[in-house]
1. Please report B:His121, B:His33 as a ranked list, fewest other C-beta atoms within 10 angstrom at the top and most at the bottom.
2. Once the principal axes of the Cα atoms of the range B:1-87 are found, what is the range along each, listed largest first in whole angstroms?
3. What does the charge dipole of the range B:1-87 about its Cα centre add up to, to the nearest 20 debye, if the Cβ of each Lys and Arg holds +1 and the Cβ of each Asp and Glu holds -1?
4. Could you give me the ³J(HN,Hα) list for the range B:149-157, computed from phi with Karplus coefficients 6.51, -1.76, 1.60 and θ = phi - 60°, whole Hz, x at Gly and Pro?
5. Counting other beta carbons within 10 Å of each Cβ, put A:Leu9, B:Leu151 in order, fewest first.
6. To the nearest whole number, what is the average tally of beta carbon atoms from other chains within 10 Å of the beta carbons of peptide A:30-40?
Amino acid sequence: MRGNNEEKLDALFRAFAACPTPEPSANFMPTLWQKIEARQTFTFSFRRMANAFAAAAVALTLALSVYMYVPRTNLSLPSQTYLDVLADSHPLVAPELVSPARLEYEYGR
Amino acid sequence: MLVDFEVIKRAQSGDSGAFNEIVLAYRKRILGHISHLIARTEDVEDVAQEVFVRMYYSLDQLRAAEVFEPWLYTLTKNAAYDYLRKQKRRQEFRMSDLSEQQVTMADAVAGGKAEQDDQYHKKIRESVDALLGAVSEADRILLMMKEVEGLSLKDLEKIYKVNENALKVRLFRARQRVLKAFGASDSKQAGKAG
């Protein structure tokens, strides 16, 4: 059974559907094209920026690759290990107490 | 179809004259649809232009000219939905928030007492707009397409790409919410009168 409110609501919707459709204004088409062009400009600018960014990223990657692969002429490899260098720069006051070489020697004996 | 498939194909290939032809053919219809979906006449033209801007930029995505109208309707629905989402004016609007004048108008419409003038139409729009505050923007659009635009469930299926039963359930629930809001305000009105 359809209630009274349902009928009222249907009547309201029918009246709403019967309301006149707004007429397009004289500026409808010019404004539409302005909006299209504005968005086009924005899209174009964004695309141009994105392209520039991508090109810069590619160039940077290439530059870094070249830098990494080119052999360095002034590269001097150390002849000593890190521990040797460390031991030389900080000579121990009492090496016989802490030196691993001496301990190994004593253990072997 | 208000334009030939050929015109749509020409517009797809970038012919601005063909695009203009489509807009001129459909703008009145789109304005009508939007005026039912958003109810605020002052913003109808703006939303209609948004629909055509979207159409311009996505026309190349239209695979077959045969589905042009449902596709355009989908663009219209989406633009109206976006507009309603942006309009934060809904804010848990309920029928109880309607003014007495608006409730009286709803009753007057049912009795066929009101005069057919601009003021009357404006009040009808306001009443419907306020009533539809009881449902979400998405349900509002669905309800309007069914109840006011008179679209069939088959048409809605094409637009929403969901099955008929799911649409029926959504429509039923939305209508029940609107009815509840309408009933609540009606009884409030009757209480005041009594």
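Every number here is computed from the coordinates shown, using simple stated rules; none is lab data. The model shown is predicted, which means the values in this text are computed figures rather than measured ones. Positions of Cβ are backbone-derived with ideal geometry, glycine not excepted, and every protein chain shown enters the neighbour counts.
1. On the way: B:His121 17, B:His33 26.
Going from sparsest to densest Cβ surroundings: B:His121, B:His33.
2. Here the spans come out as 36, 20, 19 Å, largest first.
3. On the way: 11 positive and 13 negative charges, 47 e Å.
The dipole of the range B:1-87 has a size of about 220 debye.
4. 6, x, 6, 7, 5, 5, 4, 5, 4
5. Numbers: A:Leu9 25, B:Leu151 18.
With the fewest neighbours first, A:Leu9, B:Leu151 line up as B:Leu151, A:Leu9.
6. On the way: counts 0, 3, 12, 8, 1, 6, 8, 1, 1, 4, 3.
Taking all residues of A:30-40 together, the mean is 4.
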